[in-house]
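The structure under discussion appears below in the form of structure tokens.
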Amino acid sequence: MRAQRLRRRRVPCTVNAMTDLAAYPRVVLATFGTHGDVHPFLALAIALRRRGVRPIVAAADFYRAKVEAEGIEFATMRPELEAVATRLGMEQQAIARAAAKRPDFIVQDILLPHLRETFDDAMAATRDAQLVVTHSAAYGARLAAEKRGLPHISIALQPMILMSAHDPPLIANMEHVSRWIYAAGVRPTRAFLGLGRLLARRWARPIETLRREIGLPPSHGHPLFDAQFAGEYLIGMFSPLFGPPQPDHPPHTSIVGFAFYDSEAAGPPYLSGELDAFLARGTPPIVFTQGTSAVQDAEHFIRESLAALALTKRRAVLVLDAERATQWREHASDSVLITGYAPYSLLFPRALLNVHHGGVGTTAQALRAGRPQLIAPYLVDQPDNAARVARLGAGRTLHLRDYRADRIAREIDALRAPQYAQRAAMIGKQIAREDGASAAADIIVQALANHGVRVSG
């Protein structure tokens, strides 16, 4: 069956942080990962609050200040990256490299060893909740919803999570094999994806073990796929341009558009005075950003990007984490600005083109900006996101092992061809009209109504 889009039902009410929220239905939004995973859930929380819902974001404690600055309730849900690093005896840079080399590392070595902690935290967060919304990797929160008998809605932030044989994901570290099999048609593709699911079944043993311990029956279907998406609705919070509905998506799927949030603190995003002045005094620059998933392994990206700029003689902005922005500041010049955090929603539209690693949050912002992209994917979903941008005609991809100054310079020159700018601008206009957070919030309000939960301001 084709994925169905639920009819939107707006609830005319506004709830702010100062309102007594005791009477409003509680919805827990459980997420895991980097800013690209948390920001869409925060955008969704803000949209739900406007509709008279009391959202609680459950995530790593690292995000507490950001969430609470928006007046949204926060609940800690482990694991924390520091605890993972301690248990593994690895530096965070080594963890990032391991995740890039082994796509299963995040599930087997980071998430599932902490499954019981995640479940316990989710059980505490869902006390008195009326509904639970989970990120595709929030396995413990999914179990908590089932244990409490609460309605459950799943969120997919990128198309590859849905593993469609009609729109198959490019598998990190198996890109050439993936393309070769997919070119043979839907049947071989379905068999290949089925083999991957079968191999991943053993990864899920901790889930089945915990289910027995907490008195739940064995999973129906694959614990990492079917069970995780077995909620009342499955919301694809990405643009249908980026990942269209497919015949083999679950029948309760709605693809609603990207959900955007990129403020560093409460209130609307803004550019620093230094950055705004730099943008105003010359031609649009090339923007390079390392992305949060690659922040622990960024030296090569920074060094080669600067070398490429020396070859191209173009203006540029490098957006780095605060520590590296300080370390590399000496390499700045009149034509190259090196800065810390900057909101992509304001910076990317003022760029000539945007260079990044292809995390779904950064990719979404770059698509909405309507500027061509050069993507050097790093891990997990990034190769698939990059391939989708290339198929849309809005950018080009460069394997990270080929991310060298001479290759970067050639790719930048290729992206100056008019068709890239034209295609990117057209896509940007359509994505700018989408509002994934609002559409997803409407579905959640409808799900509450289906269970007799009244939503009113």
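The values are calculated or read from the model by the stated rules, or taken from the named source; none is laboratory data. Keep in mind it's a predicted model, so treat the numbers as computed, not measured. Cβ atoms come from the backbone with ideal geometry, glycine included; neighbour counts cover every protein chain shown.
Here are a few things to note about the model shown:
- Test result for Ser154, in the same structural domain as Thr209 (by TED's automatic domain parsing), hydroxyl-bearing (Ser, Thr, Tyr) and either at pLDDT 95 or above or farther than 28 Å from Ile171 by Cβ (or both): yes
- For segment 70-83, taking the residues that are of a type in the set (Asp, Glu) and not in a strand (DSSP E or B), the one that is surrounded by the fewest Cβ atoms within 10 Å (Cβ to Cβ) is identified as Glu82.
- Of the set (1) farther than 24 Å from His399 by Cα; (2) not in a helix (DSSP H, G or I), all apply to Ser345 but (2).
- When restricted to residues that are assigned to a loop (DSSP other than H, G, I, E, B) and touching a strand residue (DSSP E or B) at 6+ places or on another chain (Cβ under 9 Å), segment 33-69 contains 3.
Each row is one residue, and each column tells you yes or no for (1) touching a Gly at 6+ places or on another chain (Cβ under 8 Å); (2) among the β-branched types (Val, Ile, Thr); (3) in a helix (DSSP H, G or I).
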residue	(1), (2), (3)
Asn354	no, no, no
Gly358	yes, no, no
Leu379	no, no, no
Asn385	yes, no, yes
Arg388	yes, no, yes
Arg391	no, no, yes
Arg410	no, no, yes
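- Residue that is farthest from Ile286 (Cα to Cα) [pool: residues in segment 412-457 that are of a type in the set (Lys, Arg) and touching a Gly at 6+ places or on another chain (Cβ under 8 Å)]: Lys429
- Checked against the criterion of being surrounded by fewer than 22 Cβ atoms within 10 Å (Cβ to Cβ), over 19 Å from Asp384 (Cβ atoms) and of a type in the set (A, V, I, L, M), segment 130-137 has no qualifying residue.
- Scanning segment 302-350 for residues that are surrounded by fewer than 18 Cβ atoms within 10 Å (Cβ to Cβ), among the β-branched types (Val, Ile, Thr) and either closer than 22 Å to Ala414 by Cβ or in contact with a helix residue (DSSP H, G or I) (Cβ under 6 Å, 6 or more places away or on another chain) (or both) yields a single hit, Thr312.
- Residue check, Phe105 without any contact (Cβ under 8 Å) to a residue 60 or more places away in the chain and closer than 22 Å to Gly436 by Cα: no
- Qualifying residue in segment 176-188 (condition: assigned by TED's automatic domain parsing to the domain that holds Ala45, within 22 Å of the chain's Cα centre (by Cα) and β-branched (Val, Ile, Thr)): no
- Hey, Asp167 in contact with a Lys or Arg (Cβ under 7 Å, 6 or more places away or on another chain) and not in a helix (DSSP H, G or I) or not: no
- Candidate set: segment 115-128, residues that are surrounded by fewer than 20 Cβ atoms within 10 Å (Cβ to Cβ) and among the aliphatic types (A, V, I, L, M); chosen: the one nearest to His152 (Cα to Cα): Met123
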